[in-house]
Amino acid sequence: YLLGKKRATDVAHMVWRHVVQKGDTVVDATCGNGYDTLEMLKLVADDSHKGFVYALDIQKDALDMTSSLLDDSLNPTEKQLIKLFNICHSKMEEVIPSHASVRLIAFNLGYLPGGDKEIITRSETTLLALEAAKRILMPGGLISLVVYVGHPGGWEELESIEAFAAGLSSENWICCKLQMLNRPSSPIPIFLFKR
Ligand code: SAM
């Protein structure tokens with residue numbers, strides 16, 4: 001139940017569980033320390049090892065953190081179901097094959113917790129990544145964003161995501177926002193765009 005969750009990422013994960021199926025292909029567009037990637041793997045991995053997670057980050061340090069979390073948490077066969085890419089998410093189409101049916105593309109915006117706070121997501125590339133996500137998401141799929149606003153440009157990034165969502169056709173997309181109204185300086189909204 002959503003309101004029993006304190007952390008925005010737990011709320012997002014709960015929604016993912018209703019959309020993602022075993023054997024699916026999914027994308028973590030900001031893998032950071034790897035917690036979302038690990039959660040995605042648990043959702044897609046099945047006995048025939050068909051599920052697949054593409055995990056992207058612009059920072060090599062983040063990929064190292066993700067890789068070490070996965071080493072600690074998964075067996076080698078499970079780890080093979082995850083492919084890590086040191087790339088800007090606006091270029092996701094360069095690494096995700098055009099034939100892939102992608103059910104979930106998740107963003108967790110801001111900076112790497114415990115890492116370099118200068119390396120942050122930015123409106124311009126976030127919007128390009130959302131356009132790419134829109135092109136590759138399968139019908140019935142979900143774009144999920146957990147948005148932190150504490151970094152420079154964070155509020156502007158939030159506004160640009162709302163404008164992007166407002167521009168999606170209401171015939172083809174259901175766009176929702178969940179937000180803590182009693183935390184005005186740090187609302188951590190969750191955006192869910194279902195195709
Ligand atoms: N999902 C992560 C987890 O579970 O630990 C946390 C992600 S953290 C809030 C945001 C991440 O976005 C950082 O690791 C940062 O390096 C990454 N990032 C920033 N700009 C990016 C870009 N243009 N493309 C891909 N990743 C980016």
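The values are calculated or read from the model by the stated rules, or taken from the named source; none is laboratory data. Keep in mind it's a predicted model, so treat the numbers as computed, not measured. So basically every Cβ, Gly included, is an ideal-geometry build from the backbone, and we count neighbours across all protein chains shown.
Take His49 and decide whether it is more than 16 Å from the chain's Cα centre (by Cα), under 22 Å from Ala129 (Cβ atoms), assigned to a loop (DSSP other than H, G, I, E, B) and away from the ligand (no atom under 16 Å from the Cβ). Spelling it out, it is not the case that His49 is more than 16 Å from the chain's Cα centre (by Cα), under 22 Å from Ala129 (Cβ atoms), assigned to a loop (DSSP other than H, G, I, E, B) and away from the ligand (no atom under 16 Å from the Cβ).
Leu3 meets the conditions (1) at pLDDT 95 or above; (2) within 24 Å of Ile174 (Cα to Cα) in every case but one. The failed one is (1). Looking at Thr66, Thr30, Thr126, just one residue is of a type outside the set (A, V, I, L, M, F, W, C), over 24 Å from Glu157 (Cα atoms), modelled with pLDDT of 95 or more and within 11 Å of the ligand (Cβ to nearest atom), and that residue is Thr66. Cβ-Cβ distances below 8 Å connect the following pairs, each with a first residue in region 106-126 that is closer than 23 Å to Val26 by Cα, a second residue that is basic (Lys, Arg), and a separation of six or more residues or different chains: Tyr111/Lys117.
Somewhere in region 13-29, is a residue of a type in the set (A, V, I, L, M), part of a loop (DSSP other than H, G, I, E, B), buried (at least 18 other Cβ atoms within 10 Å of the Cβ) and free of Cβ contacts under 8 Å to residues at least 60 places away in the same chain? Within region 13-29 (the criterion being of a type in the set (A, V, I, L, M), part of a loop (DSSP other than H, G, I, E, B), buried (at least 18 other Cβ atoms within 10 Å of the Cβ) and free of Cβ contacts under 8 Å to residues at least 60 places away in the same chain), the answer is no, since none of the residues qualifies.
Applying the set (1) more than 15 Å from Met40 (Cβ to Cβ); (2) assigned to a loop (DSSP other than H, G, I, E, B) to Leu158 leaves exactly one unmet item: (2).
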